[in-house]
């Protein structure tokens, strides 16, 4: 038979003449099984990186979805005339009113019209609620008001840092749009300037810049 002749040929080439045909057939079957197993292992190793990459991509997608679901927050410092001053965490897009509410609401003497409740909060900002008493003290009355008026009349061309518009403040030497807005924000939050030197409390205005404008300003 051809098959048996092939077996005899294999025995002769492998110098296995002393082995029976059944034993040789069994050996060939075992050899075939080993080759099959090695092939399967090699194929698994080839496919494994692709599986790992796919799993990593799925994990990244899941993490991105979880982050998208988590709400973003902002931290703001509420101080001044409120019931519970402190640091508060609020949802992104929250407005000043929500920050005031989180701090327990306005105090009894708060100047509620000194702050814009509709403004959207930014992370890390400080909200200062002015006190009515401070505002009252900042505004001259009686003889003091007459004196202030006389002073302003006696010094034409000077700009009032408590009442000037943004455009008027920008006429001062070295004061641009951003600094003018900071001056207005400061006086709204603190009930006005008590003395012209308080201008140096505004961020961005140091001693040199103050010296450049002090002769051009009044309260």
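FYI, it's all coordinate maths here, none of it is from the lab. What you are looking at is a predicted structure, and each value in this text was computed from that prediction instead of being measured. Neighbour counts run over all protein chains shown; Cβ positions are idealised from the backbone, glycine included.
Observations on the model:
- Straightening the chain between residue 38 and residue 197 buys 48.5 nm, computed as 0.36 nm per residue apart minus the Cα-Cα spacing.
- Extension gain, residue 30 to residue 119, is 23.9 nm, computed as 0.36 nm per intervening residue step minus the present C-alpha separation.
- Pairwise label distance in nanometres, residue 212 with residue 181, each label 7 Å out on the Cα-Cβ vector: 2.0 nm
- The label-point distance for residue 188 and residue 59, in a model that sets each label 7 Å from Cα toward Cβ, rounds to 4.9 nm.
- Peptide ranges 101-110, 117-126 listed from the most packed, as the mean C-beta count within 10 angstrom indicates: 101-110, 117-126
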